[in-house]
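**Q** There's a structure below that I have some questions on.
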Amino acid sequence: QVQLVESGGGLVQAGGSLRLSCAASDYIVNLNAMAWYRQAPGNQRELVAWLTSGGITTYADSVKGRFTISGDNAKNTVYLQMNSLKSEDTAVYYCYFDQLRRPGYSTRAYWGQGTQVTVSS
């Protein structure tokens, strides 16, 4: 069973920066996209940033201009650079890999275990 292993979370003051990393424990072929989601207490999990295999990025409005997603499909790794952090960015962050399957089949989802990011004001 392939696992996604995250690192880089922690406690940071408002205005600071953190860089999250995520790597697959084994190679996943035919990646369609890689992404980061987050979930704050009492809230639903929400998309933070999305990176397609073609290099197209999408960001939640709340993080545009502050967060940057990057990755390497061949190495099955994805990163999230978070700058100008705010207290409202406090959440558990999850990486996500989306794998293409045969035509007619939905993509397969892989999730990381989550890493806590806490921003103190």
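The values are calculated or read from the model by the stated rules, or taken from the named source; none is laboratory data. No experiment lies behind these values; they were computed from the predicted model shown. Ideal geometry is used to build each Cβ from the backbone, glycine not excepted, and the neighbour counts take in all protein chains shown. In case anyone asks, the SASA skips ligands and DNA or RNA and just uses the protein heavy atoms, side chains included. Shrake-Rupley method; radii C 1.70, N 1.55, O 1.52, S 1.80 Å.
**Q** Tell me which of V78, A91, P103 sits at the most positive position along the dipole axis of region 66-113, charges placed on C-beta atoms (Lys, Arg +1; Asp, Glu -1).
**A** The one lying farthest along the dipole's positive direction is P103.
**Q** Please report, in whole Å, how far the alpha carbons of region 19-99 spread along each principal axis, starting with the longest.
**A** 36, 24, 18
**Q** Using the Karplus curve 6.51 cos²θ - 1.76 cosθ + 1.60 with θ = phi - 60°, work out ³J(HN,Hα) for each residue of region 82-94 in order, rounded to whole Hz, and write x for Gly and Pro.
**A** 10, 10, 6, 5, 10, 4, 6, 7, 4, 4, 8, 9, 10
**Q** Relative contact order (percent) for region 18-62, with alpha-carbon contacts under 8 angstrom and 6 or more residues of separation?
**A** Value for region 18-62: 27 percent.
**Q** What is the dipole size for the chain, taken about its Cα centre, with +1 at each Lys and Arg Cβ and -1 at each Asp and Glu Cβ, in debye to the nearest 20?
**A** Rounded to the nearest 20 debye, it is 160 debye.
**Q** Between L100 and K64, with labels modelled 7 Å along Cα→Cβ, what's the label distance in nm to one decimal, could you check?
**A** My value for the distance between the label points is 2.8 nm.
**Q** Counting Lys and Arg as +1 and Asp and Glu as -1, each charge on the Cβ, what is the dipole of region 36-102 about the Cα centre in debye, to the nearest 20?
**A** 180
**Q** Same structure, new question: Roughly how many percent of the accessible protein surface of the chain is carbon and sulfur, given a 1.4 Å probe and a whole-percent answer?
**A** Here carbon and sulfur together make up 47 percent of the probe-accessible area.
**Q** Where both partners of a DSSP beta bridge lie in the chain, what percent of those bridges are antiparallel, to the nearest 5?
**A** Approximately 90 percent, going by the DSSP bridge assignments.
**Q** Over the chain, what is the mean sequence separation of C-alpha contacts under 8 Å (at least six apart), divided by residue count, expressed as relative contact order in percent?
**A** 35
**Q** Still on this model: I want the local charge near R38. Using Cβ-Cβ distances under 11 Å, sum +1 for each Lys or Arg and -1 for each Asp or Glu among the other residues.
**A** Around R38, the surrounding residues sum to -2.
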